[in-house]
Amino acid sequence: MLDPSTLLAPLLAATESAEAVGAATEGAGLFSVAALSALLALTALEIVLGVDNVVFIAILAEKVEAGKQVLARNLGLVLAMVMRIGLLFLASWVITLESTIVFTLPGGDALPVGDPAISVKDLILLLGGGFLLTKAVLEIYHMANAHPTDERAKATRVASSLSAVLTQIILLDLVFSVDSVITAVGMTDQLPVMITAVMIAVGVMLVFAGPLSAFVKRHPDIKVLALAFLVLIGVLLTVEAFEAHVPRGYVYFAMAFALAVDLVQMRVEATKARSH
């Protein structure tokens, strides 16, 4: 049987080497080999970690009236960039979120969790994961039960206001940004490198967000798959709140495999349709 860890080994090794390179950038110039290597590795990691953010924004943007969907999508990504850069300037404070304990779960070490002590960061991840799970599951439910002739279904398709959608995007951006900033700080101590990596990553997302959104809109089955991906990310954020770490590479591998199967199925159906 093929072990996913074999396929994920290059990515995991790259992350580990990036962290080592990041440590080497302490005191190095911005254009040194070490700093540029950290920039490249951090940019790639920011893009990978931003996939779930792009999918969530693309799906939420569909709730806005047609003329404002592109604006909602682009504003959501720009807000994500602004929030991450702002938190980078407050990196020393963000790091304390991991050690600032809000409360401790009763039962202590007897509980089946990684750490019964819930920090501010854990609480943010827990609330964000719950929010993402709720939104994704409700969206799947509406897709599975809506009928074109159902008046109630028509009512659920009424366009949401741009401000309401942006508010939801900002809430999830906050969760993803905290995670992103902590990752960035762990890889390098140079603020310009971190800011540049975030700006490049968001730029790449802006380029591909439109085609991704259009593709998801044309293929409802892909939208269901994307929502299932968000459910997994919601579960991942929730369990990480209890310090039960699950390597994201395994989740991304599973979703990439499911997407590949779905694309092959679409190709098969298209070939059958042409033959008839």
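Values as computed for the structure displayed
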{"read-out": "Top-ranked residue of region 195-208 - restricted to ones that are open to solvent by 10 Å² or more (accessible area, probe 1.4 Å) and among the hydrophobic types (A, V, I, L, M, F, W, C), ranked as farthest from the chain's Cα centre (by Cα)", "value": "Ile195"}
{"read-out": "So Leu227, is it hydrophobic (A, V, I, L, M, F, W, C), under 18 Å from Tyr141 (Cβ atoms) and in contact with a helix residue (DSSP H, G or I) (Cβ under 7 Å, 6 or more places away or on another chain)", "value": "yes"}
{"read-out": "Leading residue by the ranking (least open to solvent (accessible area, probe 1.4 Å)) among those in region 218-276 that are within 30 Å of Val120 (Cβ to Cβ), in contact (Cβ under 8 Å) with a residue 24 or more places away in the chain and not in a helix (DSSP H, G or I)", "value": "Ala241"}
{"read-out": "Matching entry among Leu71, Leu45, Leu125, Leu39 (being open to solvent by 60 Å² or more (accessible area, probe 1.4 Å) and either touching a helix residue (DSSP H, G or I) at 6+ places or on another chain (Cβ under 6 Å) or at pLDDT 80 or above (or both))", "value": "Leu71"}
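The values are calculated or read from the model by the stated rules, or taken from the named source; none is laboratory data. Remember, it's a predicted structure, so these values are computed and weren't measured experimentally. Positions of Cβ are backbone-derived with ideal geometry, glycine not excepted, and every protein chain shown enters the neighbour counts. To get the accessible areas, we keep the full protein, side chains included, count just its heavy atoms, and leave off ligands, DNA and RNA. Shrake-Rupley method; radii C 1.70, N 1.55, O 1.52, S 1.80 Å.
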